[in-house]
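Just below is one structure, and these are the notes that go with it.
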Amino acid sequence: MIDKKVVSLVKERAGGYCEKCGLPATDSMALHHRKLRSRGGKDTPANLLVVHHSCHNLATDSIHLNPEKAENKGWMCPGWKEPEDHVYVTPEGSFALLDNEGNIKILGKA
């Protein structure tokens, strides 16, 4: 089970929106590991995104059904890289880095 403080930091960073599509959060949201646990990913704020279940693995354009796109957008992280060093593209189209304190650092526009 993921530590409640980590969950709180990630939800606060998301600000009530899906961190993939940018639409408002619903009652049915998932915590997605950018670096999959099977690749050594941890339950840290930099490694977690709040996403709709459809954005996670149900819709045609979901993260898990499109791993190459997901890696290019930073929604997934290769096993050899650490999430805090893997650039994430925000729903607004900015390049950003996520840290383990629950912050997002905008690097510029995509």
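Below are the figures for this structure:
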| item | result |
| --- | --- |
| GNM result for the chain, Cα springs below 10 Å: residue of Leu98, Leu58, Leu48 fluctuating most strongly | Leu58 |
| Within straight-line cross-link reach of Lys42, aspartates and glutamates at Cα separation under 15 Å, skipping those fewer than 8 residues along the same chain | Asp3, Glu82, Glu84, Asp85, Asp99, Glu101 |
| 3J(HN,Hα) from dihedral phi, the range 12-29, Karplus parametrisation 6.51/-1.76/1.60, rounded to Hz, x for glycine, proline | 5, 4, 5, x, x, 10, 6, 7, 9, 9, x, 7, x, 5, 10, 5, 10, 10 |
| Computed [θ] at 222 nm, helices only, for the chain once each DSSP H run of length n ≥ 4 contributes -39500 (n - 2.57) | -4500 deg cm²/dmol |
| Computed label-point distance, nm, for sites Ile2 and Arg37 using a 7 Å Cα→Cβ extension | 1.1 nm |
| Chymotrypsin sites (Phe, Trp or Tyr not before Pro) within the range 6-110, DSSP loop, no more than 12 other Cβ atoms inside 10 Å | Trp80 |
| Amide N proximity, the range 86-110 versus Lys11 label position 7 Å along Cα-to-Cβ, cut-off under 18 Å | 101-103 |
| Choice from Lys11, Lys73, Lys81 with maximal GNM fluctuation in the chain (Cα, 10 Å cutoff) | Lys81 |
| Residues of type lysines that Lys35 reaches as a straight line, Cα spacing below 17 Å, ignoring anything fewer than 8 places off in the same chain | Lys20, Lys69, Lys73, Lys81 |
| GNM flexibility winner over the chain from Gly40, Gly74, Gly16 (Cα, springs under 10 Å) | Gly40 |
| Lys, Arg +1 and Asp, Glu -1 on Cβ, resulting dipole of the chain about Cα centre, debye, nearest 20 | 120 debye |
| Label selected from (1) 60, 37, 23; (2) 49, 29, 19; (3) 31, 30, 28, the criterion being Cα extents along the principal axes in Å as computed here | (3) |
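Computed from the coordinates by the stated procedures, all read-outs in this text should not be read as laboratory data. These figures come from a predicted structure and were not determined experimentally. Every residue, glycine among them, receives a Cβ derived from its backbone with ideal geometry; neighbour counts consider all protein chains shown.
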